[in-house]
Amino acid sequence: MLKFNKPYMTGRELWLISQAHANGHLSGDGAFTKRCHAWLEERTGCAKALLTHSCTAALEMSALLLDLEPGDEVIMPSFTFVSTANAFVLRGAVPVFVDIRPDTLNIDESLIEAAITPRTRAICVVHYAGVGCEMDAILAIAGKHGLAVVEDAAQGIFSTYRGKPLGSIGALGALSFHETKNVISGEGGALLVNDPALAERAEIIREKGTNRSKFFRGQVDKYTWVEVGSSYLPSEILAAFLAAQLDEAEDITRRRLAIWDRYHAWAAPLEARGLLRRPIVPAHCTHNAHMYYLLLPSLEQRTAFIDVLKQRGIGAVFHYIPLHSSPAGQRYGRSSGELPVTDSTSDRLVRLPLWVGLEEHMDEVLDACNAALGA
Ligand SMILES: *Cc1c(COP(=O)(O)O)cnc(C)c1O
C-alpha cells in the first residue's frame, strides 16, 4: 500500500536528540528550543517565536492572549480542522462560520463584514493548503472594526503573501509540526507573536502563568504566579528533533514543490477537458506544496475515484467535514448565512499523496489517477 502520508526524517534527528540527552537539560526552553526560536524569528520576522506542543496549543494561547470572554465571537471559515474553533470555544467564545472563496478555498473576505456583530472580537483565518488568505483586505476590515487577526498557519511554513511569511502578518500566527505537515516533530507547533505588546504575556501563559522566563533572564528576583496560563512548551527532546528538520526545511520544501509541480502539469489537460479542477495559487502568493488536491465534479465521482486508487494500493483522502455541520460546531458555533462553497468543496475535494520520497512512485500514482478518471 502506498501511503497517503509518510513522515520524512532527515537522518539527523537522533544525533541531535543524543546531544540534548548529553546536555542533561530535558525540560523546555533549553539550547535546542532557543535554536528553533531563533530560526523561526529570523525566517518569519515575528517579534517572538515560542515553540508549543502543537498548533492547537498555539491557538489556545492566542485565545488566552486575546482575553476572550464567554459570548465573544470569532469569525473563521467552516472549512478547516477542528482546532481552529476548539481553541476559542474553550474560552467560551462562539465561532462564527463564514464561507470560503471558490478559488483558494480560503475564507471569503468579502463575506466577513456581514458576520460582524457588537460581540465580534477576532478573525481567525486559515491559510488552506499553505496558500495565503487575502490578508490586505482582512487586515483592513479588522482595523476598521477593532478586531484582532489570528492566522492559523498550521499548513503555511515557508509560504508567503505579498512577500510576507504566512503566520507573520496578523497579531498572532500558529504553526504546526505535526507529522502530517511539511516540517515535523511528531506533535509540535509554534506561536508567532507579531504584536510586540503581546510578547511578554505570551511567555507567561506558556509557562503556567508564571514569570519564570523573566526570572531566568534575571529581570525579576522572584518567580511567581502572575496570570492564567498552562503548560504549552515542548521538551528539549522534541525541540532537538525539530532542529534537525528546520536545518533541512528548505530542501524538504523544494522536494515537495517538485512533486506538486508534477501533479499540476499532469492535471492541466484533464482540467481542460472538464474532468477536474486544479488548485489555484494567486500570483501574489508563493506556496510550500503542503498539499495537492483535486476538485472532482461530484461526491459520487470522488467516492469512485478514491475506491479505484485504493484498489490499486494508493491512499487518497478527503476532508473536512465542515465545522458548521458537525455536532460540536452546531452546539458551540453559528453560521453567517449559507455556506454553499464550503459544502460543495467538502463533497468534491480529494487529496493525493504528497511526501518526500514519493518521487520514485509518481508514475504509478498518476497511472492510477488516470484510470480512476477514465482518462
Ligand atoms: C494540522 C492543523 C491544525 C492542528 O495542528 P496540531 O499541530 O496537530 O495541533 C490546526 N489547523 C489546521 C488548519 C491544520 O491543518
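Free of any GluC sites (Glu not before Pro) that DSSP assigns to a loop and that have at most 16 other C-beta atoms within 10 Å, the longest stretch within the chain is 1-178.
Which of Thr224, Thr80, Thr160 has the fewest other C-beta atoms within 10 Å, and how do the rest follow up to the most? Don't skip to the answer; put the middle values down first.
Numbers: Thr224 10, Thr80 26, Thr160 18.
With the sparsest Cβ surroundings first, the list reads Thr224, Thr160, Thr80.
Can you give me the angle between helix 31-44 and the longest principal axis of the chain, using Cα atoms only, in degrees from 0 to 90, rounded to the nearest 10? Long axis of 31-44 versus the principal axis of the chain: about 60 degrees. Between Thr117 and Glu69, the FRET efficiency from the beta-carbon distance, with R0 = 22 Å, is close to 0.95.
Using C-alpha pairs below 8 Å separated by at least 6 residues, the relative contact order for segment 13-247 is 26 percent.
Of the residues Gly11, Ala63, Thr303, the one whose Cα sits farthest toward the positive end of the charge dipole of the chain, with +1 on the Cβ of Lys and Arg and -1 on the Cβ of Asp and Glu, is Gly11.
Nearest 10 degrees, 0 to 90: what angle lies between the long axis of helix 299-311 and the longest principal axis of the chain (Cα atoms)? Here the helix axis deviates by roughly 90 degrees.
If you keep only loop residues by DSSP, which trypsin sites (Lys or Arg not before Pro) in segment 57-127 have at most 13 other Cβ atoms within 10 Å of their Cβ?
Details: sites: Arg91, Arg119, Arg121; in loops: Arg91, Arg119.
Here the sparse-neighbourhood loop sites are Arg119.
Using the Cβ-Cβ distance between Lys6 and Phe216 with R0 = 41 Å, the FRET efficiency computed as 1/(1 + (r/R0)^6) comes to roughly 0.60. Only lysines eight or more places from Lys6 in sequence, or on another chain, were considered; those with a Cα closer than 30 Å are Lys34, Lys164, Lys181, Lys310.
Using the Cβ-Cβ distance between Ile321 and Glu179 with R0 set to 30 Å, the FRET efficiency works out to roughly 0.90. Ranking Ala93, Ala140, Ala20 by how far each Cα lies toward the positive end of the dipole of the chain (charges on Cβ) leaves Ala20 at the top. So which trypsin sites (Lys or Arg not before Pro) in segment 217-288 pass both tests, a DSSP loop state and at most 15 other Cβ atoms within 10 Å of the Cβ? In loop regions of segment 217-288 (DSSP not H, G, I, E or B), the sparsely surrounded trypsin sites (Lys or Arg not before Pro) are Arg217, Lys222, Arg273. Annotation: the residues Ser335, Ser344, sorted from fewest to most other C-beta atoms within 10 Å of their own C-beta, follow the order Ser344, Ser335. Helix 13-23 axis versus longest C-alpha principal axis of the chain: approximately 10°, rounded to the nearest ten.
Is there a quick way to get the dipole size of segment 1-108? I mean about its Cα centre, with the Cβ of Lys and Arg at +1 and of Asp and Glu at -1; what is the value in debye to the nearest 20? Spell out each step's value before the answer.
Values: 9 positive and 12 negative charges, 146 e Å.
Dipole size: approximately 700 debye.
Compute the signed sum of charges (Lys and Arg +1, Asp and Glu -1) over the other residues within less than 13 Å, Cβ to Cβ, of Val350. The partial results should precede the final answer.
On the way: positive: Arg277, Arg278, Arg302, Lys310, Arg348, Arg351; negative: Glu300, Asp307, Asp347.
Net local charge, Val350 excluded: +3.
By the count of other C-beta atoms within 10 Å, a proxy for reagent exposure, Ser110, Ser213 are ordered fewest to most as Ser110, Ser213.
Simple point charges give the picture: +1 on the Cβ of Lys and Arg, -1 on the Cβ of Asp and Glu, and for the chain a dipole about the Cα centre of about 280 debye. For the chain, the calculated P(r) over all alpha carbon pairs, in 10 Å bins from 0 to the bin holding the longest distance, is 5, 24, 32, 25, 12, 2, 0, 0 percent. Please work out the Cα center distance from segment 91-129 to segment 283-314, rounded to the nearest Å. Their Cα centres are 25 Å away from one another. What residues of segment 232-247 lie in the reach of a label at Ala38, counting those whose backbone N is under 15 Å from a point 7 Å from the Cα along Cα→Cβ? Label zone hits: 240, 243-244, 246-247.
Quick note: the coordinates plus some simple rules give every number you see, no bench work behind them. Quick caveat: nothing in here was measured; it's all calculated off a predicted structure. As a convention, Cβ positions derive from the backbone with ideal geometry for all residues, glycine included, and neighbour counts pool all protein chains shown.
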